[in-house]
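Reviewing the structure listed below.
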Amino acid sequence: MRRLTIPAVFVAVAFVQTAPLGLHLTTHVPFGNYPTATTVRWEMWTLWWNSDRLTHGYLDYWNAPIFHPNPAAFAYSEPQWLTGLAFGVVLLLVDSPPLAYNAILLAILALNGWSGFFLLRQLRFPLGSGLDMERYRSEETIRRTSARVDDYAKMPATNWLRQRPPDWRGHALGFGVAVWPLALAGIWFGLKNRCYRRWALFCLGAALGCVLLSFGPRLDAPWNAPYELLRMYYSGFEYARNLWRFAGLAQLFVALLAVLGLVWLGRRRWVQCLVVLLVAVDWLSAPVPLLKWEVPTQEWVQWLREAPPDIRIVHVPMVASGRADRFDQTTYWMNCQMYHERPIANGFASFVPQHVHALSRIMEGFPNASSISALRRFQISHVLVESDWFMERAEQFEVWDEHLALEKVTADVRIYRVVSSGDARDGFAD
């Protein structure tokens with residue numbers, strides 16, 4: 001029973017940090033501090049594709065059914081193969097995408113804490129002393145996704161003392177109110193004691209280096225030396241974005257210094273009480289936003305599911321660039337694809353192919369000669385038009401009805417088949 005105590009503690013912490021997810025494991029998935037569910041929809045689709053290919057022996061693994069007709073579309077973002085393998089196994093057992101997703105998420109959080117505990121035990125730190133741990137890109141893009149100095153003074157948006165609606169404001173990279181004083185005490189204690197001196201210097205240097213790297217090109221010489229050295233001698237680093245994530249590594253090293261502080265101060269009862277209080281402040285969480293996961297029941301999804309497997313579709317209006325929240329509808333269509341399994345020309349990934357950018361610009365004028373020619377050139381057989389978007393262009397659709405055959409009308413979508421140029425009576429050359 002004692003062997004189960006530590007993992008049970010970290011499982012409990014995972015549930016606390018994601019509350020109220022534990023009450024909605026089969027119906028909702030969390031989407032963090034973002035104002036839209038774009039990222040979690042995309043992750044769900046990525047894990048679904050991994051599980052789908054698992055049942056097919058990973059045949060055509062890289063040829064994901066997005067960005068049609070682009071081959072190897074799955075290579076445009078992180079494939080998450082190992083996570084997808086675990087998700088696929090769990091999904092086969094529970095037959096519920098949200099439950100499988102939440103099980104993997106909670107397992108990752110709990111296993112991170114558990115492995116950290118074993119690391120500290122191997123380093124011979126006392127039990128409980130780790131409670132406080134918590135392609136081309138432009139210079140402007142890299143700068144915009146690097147940390148700012150004031151980010152390190154911010155608590156997470158979901159912290160109970162700072163709770164605010166999800167938005168796109170700056171990153172919260174603060175180490176927590178419990179860690180700072182303990183880390184300073186750990187530095188002092190480590191430098192004074194010969195057996196801990198090298199370890200303290202290593203953690204201090206690594207933490208400072210990671211903090212400097214997190215600022216990226218925002219710093220001037222000589223403070224930008226770590227970033228400039230990696231740019232010069234590490235191929236591809238000059239294109240790295242989201243450099244603020246180096247703060248995550250810095251937090252690990254600062255937490256280890258805090259453990260040294262606990263080794264020094266932890267035997268005093270008043271210090272133990274103060275640490276528990278400060279850790280509680282760090283861990284206080286406002287309820288995280290949840291997305292209700294529902295199996296698509298729309299008529300158009302069922303129509304596609306029963307349609308011939310060789311059809312290729314595009315949803316309009318298309319989105320190919322901009323911030324992630326613009327792709328919320330696109331990732332919803334990708335989630336619907338999990339049920340109808342027909343290739344789409346739309347998609348969302350870390351990189352969007354150039355032909356999708358081009359098609360998106362052309363489809364802004366749909367229906368017209370250039371957009372219909374592009375659909376034929378890309379061998380897209382059907383267009384799914386949002387009803388609101390159609391109402392703005394109803395007369396334009398009447399003009400091009402020889403090239404677009406209406407096959408299905410539902411409350412929210414109209415499905416058109418692209419008539420081949422040879423079959424259209426007033427056809428035009430592609």
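The residues listed here are V352, V319, V356, V314; of these, the one that is among the hydrophobic types (A, V, I, L, M, F, W, C) and in a strand (DSSP E or B) is V314.
All conditions in (1) on the phi > 0 side of the Ramachandran plot; (2) of a type outside the set (D, E, K, R); (3) touching a Pro at 6+ places or on another chain (Cβ under 7 Å) hold for I344, with the sole exception of (1). Of the residues making up region 136-193, those that are modelled with pLDDT under 80, among the aromatic types (F, W, Y) and over 19 Å from A247 (Cβ atoms) are Y136, W160. If the condition is being within 17 Å of the chain's Cα centre (by Cα), within 15 Å of Y58 (Cα to Cα) and surrounded by 18 or more Cβ atoms within 10 Å (Cβ to Cβ), then region 68-82 contributes only F74. Scanning region 255-278 finds no residues that are within 23 Å of Q379 (Cβ to Cβ) and part of a helix (DSSP H, G or I). Here region 384-415 is the region considered, the condition is being among the β-branched types (V, I, T) and more than 16 Å from C336 (Cβ to Cβ), and the residue that is surrounded by the fewest Cβ atoms within 10 Å (Cβ to Cβ) is V399. Across region 218-248, which residue is farthest from D151 (Cα to Cα) among those that are in a loop (DSSP other than H, G, I, E, B) and not hydrophobic (A, V, I, L, M, F, W, C)? Among residues in region 218-248 that are in a loop (DSSP other than H, G, I, E, B) and not hydrophobic (A, V, I, L, M, F, W, C), the one farthest from D151 (Cα to Cα) is S235. The number of residues in region 11-63 being of a type in the set (S, T, N, Q) and not in a helix (DSSP H, G or I) comes to 7. The lone criterion from (1) in contact with a helix residue (DSSP H, G or I) (Cβ under 8 Å, 6 or more places away or on another chain); (2) outside any helix (DSSP H, G or I) left unmet by P71 is number (1). Filtering region 175-217 down to residues that are β-branched (V, I, T) and assigned to a helix (DSSP H, G or I), which residue is nearest to V279 (Cα to Cα)? Of everything passing the filter in region 175-217, V179 is nearest to V279 (Cα to Cα).
Note on region 239-287: residues that are at pLDDT 75 or above and either surrounded by 15 or more Cβ atoms within 10 Å (Cβ to Cβ) or among the polar types (S, T, N, Q) (or both) amount to 26.
The residue pairs whose first member lies in region 1-28 and is of a type in the set (D, E, K, R), whose second member is part of a helix (DSSP H, G or I) and surrounded by 15 or more Cβ atoms within 10 Å (Cβ to Cβ), and whose beta carbons are closer than 9 Å, counting only pairs six or more residues apart or on different chains, do not exist in this structure.
The values are calculated or read from the model by the stated rules, or taken from the named source; none is laboratory data. Computed from a prediction, not measured in an experiment: that's the story for all the values here. Every residue, glycine as well, gets a Cβ built from its backbone with ideal geometry; the counts of neighbours run over all protein chains shown.
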